[in-house]
Amino acid sequence: MSFLADRLARVKPSATVAVSTKAAELKRAGHDVIGLGAGEPDFDTPEHIKEAARQAMAEGKTKYAPVAGIPELREAIVAKLKRDNDLDYRPDQITVGCGGKQTIYNAMMASLNPGDEVIIPAPYWVSYTDITLLAEGTPVVVDCLAENGFRITPEQLEAAITPKSKWLLLNSPSNPTGSAYTADHLKALGEVLLRHPQVWVMTDDMYEFIVYDDFKFTTIAQVVPELYDRTLTLNGLSKAYCMTGWRVGYAAGATDLIKAMNKVQSQSTTSTCTISQWASVTALNGDHSFIAKNNAVFRERRDLVVSMLNQANGITCASPEGAFYVYPSCAGAMGKKTPGGKTLQTDEDFVTFLLEDEGVAAVHGEAFGLSPFFRISYATSTAALEDACQRIQRACGALQ
Ligand SMILES: Cc1ncc(COP(=O)(O)O)c(C=O)c1O
């Protein structure tokens, strides 16, 4: 009998972290590897945010914070939700956690009973299913078609709902596809949800600010106000503010749920780092002009990667609305033989081939629940992306 808890048998370690770790190991061993697995901007945290942290330390703002977050940060989040999303929340409807990930974890732990179902459109961010399982819920994965921009359709949602459905998990723009829902898409899903009052919506808006080509971001509580009472709006500082290591995420929703999430957090991390919270106040209230500058670079990289991947044999790649990922299909490479004589049967075979033959580390689609695809993060230097895409073209060209 294992000493370890049974609940761990339900959960897989993060595949995206595994790819980054493997790429880093190969690099350390002297191999020429380009890592396209990381889900974080290659840009540094803006200086005015770092300065706010230094100032907080100088002023001795280094003690425990309230579980829900310092009042100043919750006020800044209330102001942000009004300014950017036209949503009215009070500070007692806000909770701040150690990144978006812990906030989602708190929400699942606070709301799921064994067997409660969470509807998760695939491809999905790897942690949604595993956090659901850790919290003893049941993921109900709905495969979304590339032709539909990897978005769940109202018909698919209707078909997935049962009396046990507790949450619909939405993520727009999406990790891993970069696809985003327009206000009309959200309204159509809202119509279905209004017929099923037992289903709440958790919307992960982590990539809200990273959108291109005049795409207008909206969030479901904003466009379907009737769902406000049963929506948990999640967001965080990690991506657009280049603050992945600072560990600040937050959620806004019904006070009973927020209180329950705080209770979970009070018995785990207490709060996120006080210094990070003060820096986040400055991030949310301060200058945002760096975001447009970063997005201009991301957009150029997206266009480069999409164009170069579509020139690779057997690969088709859509141009997504946001985030910093593309999710190309490798269906055209399936069944082909590598120069080493291996027949590619799965997207995992395909990414292993890219890593072993060309030193390109991408993540296989199976990790995100939809095959045969792979995810490329273009949050890395343009030169590295160009090199990586040339290698992918060469690898695909060598398949028989
Ligand atoms: C869709 C999505 N949600 C949440 C997170 C978690 O972000 P954080 O680093 O703030 O925990 C990520 C990070 O990769 C993400 O891609």
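Things worth noting here:
- Count of residues meeting criterion [within 30 Å of THR274 (Cα to Cα), modelled with pLDDT of 85 or more, hydrophobic (A, V, I, L, M, F, W, C) and in a loop (DSSP other than H, G, I, E, B)] in the stretch 12-54: 1
- Filter pass, GLY190 being small (Gly, Ala, Ser), under 19 Å from the mean Cα position of the chain (by Cα) and either within 12 Å of the ligand (Cβ to nearest atom) or in a helix (DSSP H, G or I) (or both): no
- Looking at SER268, SER280, just one residue is modelled with pLDDT of 95 or more, within 16 Å of the ligand (Cβ to nearest atom), surrounded by fewer than 17 Cβ atoms within 10 Å (Cβ to Cβ) and over 19 Å from the mean Cα position of the chain (by Cα), and that residue is SER268.
- Those residues of the stretch 338-349 which are within 23 Å of the chain's Cα centre (by Cα) and modelled with pLDDT of 95 or more, in sequence order: ASP347
- Within the stretch 13-43, the set of residues being more than 16 Å from the ligand (Cβ to nearest atom) and touching a residue at least 24 places away in the same chain (Cβ under 8 Å) comprises LYS22, ALA23, LEU26, HIS31, ASP32, VAL33, ILE34.
- Number of positions in the stretch 244-258 that are without any contact (Cβ under 8 Å) to a residue 24 or more places away in the chain and touching an Asp or Glu at 6+ places or on another chain (Cβ under 8 Å): 0
- Among residues of the stretch 384-397 that are on the phi < 0 side of the Ramachandran plot, those with a beta-carbon under 9 Å from a residue that is among the polar types (S, T, N, Q) at least six positions away or on a different chain give the pairs ALA388/THR380; CYS389/SER307; CYS389/GLN311; GLN393/GLN311; GLN393/ASN313; ALA395/THR338; CYS396/ASN313; GLY397/ASN313.
- Unique residue being assigned to a loop (DSSP other than H, G, I, E, B), in contact (Cβ under 8 Å) with a residue 60 or more places away in the chain, within 14 Å of the ligand (Cβ to nearest atom) and touching a strand residue (DSSP E or B) at 6+ places or on another chain (Cβ under 7 Å) when the list is TYR241, TYR207: TYR207
- Taken together, the residues in the stretch 170-187 that are more than 16 Å from the ligand (Cβ to nearest atom) and touching a residue at least 24 places away in the same chain (Cβ under 8 Å) amount to 5.
- Test: MET57 is aliphatic (A, V, I, L, M), within 16 Å of the ligand (Cβ to nearest atom) and either open to solvent by 30 Å² or more (accessible area, probe 1.4 Å) or part of a helix (DSSP H, G or I) (or both): no
- Meets criteria (under 26 Å from GLN222 (Cα atoms) and either within 16 Å of the ligand (Cβ to nearest atom) or crowded, with 21+ Cβ neighbours inside 10 Å (or both)) for ARG74: yes
- Every condition in (1) within 12 Å of the ligand (Cβ to nearest atom); (2) of a type in the set (S, T, N, Q); (3) assigned to a loop (DSSP other than H, G, I, E, B) is met by ASN235 except one, and the failing one is (3).
The values are calculated or read from the model by the stated rules, or taken from the named source; none is laboratory data. These numbers come from a predicted model, not from an experiment. Cβ coordinates were reconstructed from backbone atoms using ideal geometry, including for glycine residues, and neighbour counts include every protein chain displayed. Heavy atoms of the whole protein, side chains included, go into the accessibility calculation; ligands, DNA and RNA do not. Shrake-Rupley method; radii C 1.70, N 1.55, O 1.52, S 1.80 Å.
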